[in-house]
Amino acid sequence: QNGGILLREQLSKRQGYREEVKVFTVEELEKATNNYHESRILGQGGQGTVYKGILADNRIVAIKKSIIGDPSQVPLLVYEYITNGTLFHHLHDDDAALDLPWETRLRIATETAEALSYLHSAVSIPIIHRDIKLANILLDNNYNAKVSDFGASRLIPSDEAQITTIVQGTFGYLDPEYMHTSLLTEKRVLAMYFVSLMKEDNLLDILDPRVLTDKNVEQLKEVAALASRCVRMKGEER
């Protein structure tokens, strides 16, 4: 449904992937989270709470308990547990940043862009994330990028090119045109993503010296120029 077959095909090409879809009972998830004990909380937000869960087979997962307004309905989603933290942590923590050479950073940026492209164009009903930022890009042990936190996401019907919404997202990462018009499109979500890139790379003056070398300086400039074009005020200029 909505691109699920294509997603499974893409995932099956990854080394070590096991196709595994399971519906858990309420009792199983209560046991996995020790009845949603506060010590198991991984994170909280306006859309719900994420808990660390330990399944009966000792697998560790992340379980999101969503808030949708109706107390009689509490959606529960079981996710892969990502142990390597967020891209924000790896870029801002001095010790963690040592493990992120330029090649890895470029791959993470590319994988994130590919994930957004999939959400926008590979599904029958496009999914608009609305809150792309460094803290919502998770990294696994191999530094593969995982786009997270879809609590603010919206669907765009196939017969509409854009929708009007209340401006939502993290200030400092928002597409400038979206802030002025409240009109949401796939291109404006990509602009939010490129703002997150520009947060770290403002050409040579603010480039992380740990990634800047004589061999990659031209590539760094090209990526910075691309990000700069993608955050221009007018969408048609991007």
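Of the residues that make up the stretch 118-130, is at least one without any contact (Cβ under 8 Å) to a residue 60 or more places away in the chain and out of contact with any strand residue (DSSP E or B) (no Cβ under 8 Å at 6 or more places or on another chain)?
no
Considering only the stretch 81-92, I want to know if a residue exists there that is in a helix (DSSP H, G or I), of a type in the set (A, V, I, L, M, F, W, C) and in contact with a Phe, Trp or Tyr (Cβ under 7 Å, 6 or more places away or on another chain).
no
Please work out which one of (1) of a type outside the set (V, I, T); (2) modelled with pLDDT of 90 or more; (3) surrounded by fewer than 16 Cβ atoms within 10 Å (Cβ to Cβ); (4) farther than 30 Å from V26 by Cα is the condition A109 fails and give its number.
It fails just one condition, (3).
Restricted to the stretch 1-46, and to residues that are in contact with a strand residue (DSSP E or B) (Cβ under 9 Å, 6 or more places away or on another chain) and at pLDDT below 80, which residue is surrounded by the most Cβ atoms within 10 Å (Cβ to Cβ)?
The residue in question is G3.
When you scan the stretch 114-133, how many residues do you find that are part of a helix (DSSP H, G or I) and closer than 18 Å to N144 by Cβ?
The qualifying residues number 6.
Give me a count of the residues in the stretch 223-236 that are farther than 12 Å from A109 by Cβ and at pLDDT 80 or above.
Residues that pass the stated criteria total 0.
The values are calculated or read from the model by the stated rules, or taken from the named source; none is laboratory data. Quick caveat, the model's predicted, so the values are computed rather than measured. No Cβ is skipped: glycine too gets one built from the backbone with ideal geometry, and neighbour counts run over all protein chains shown.
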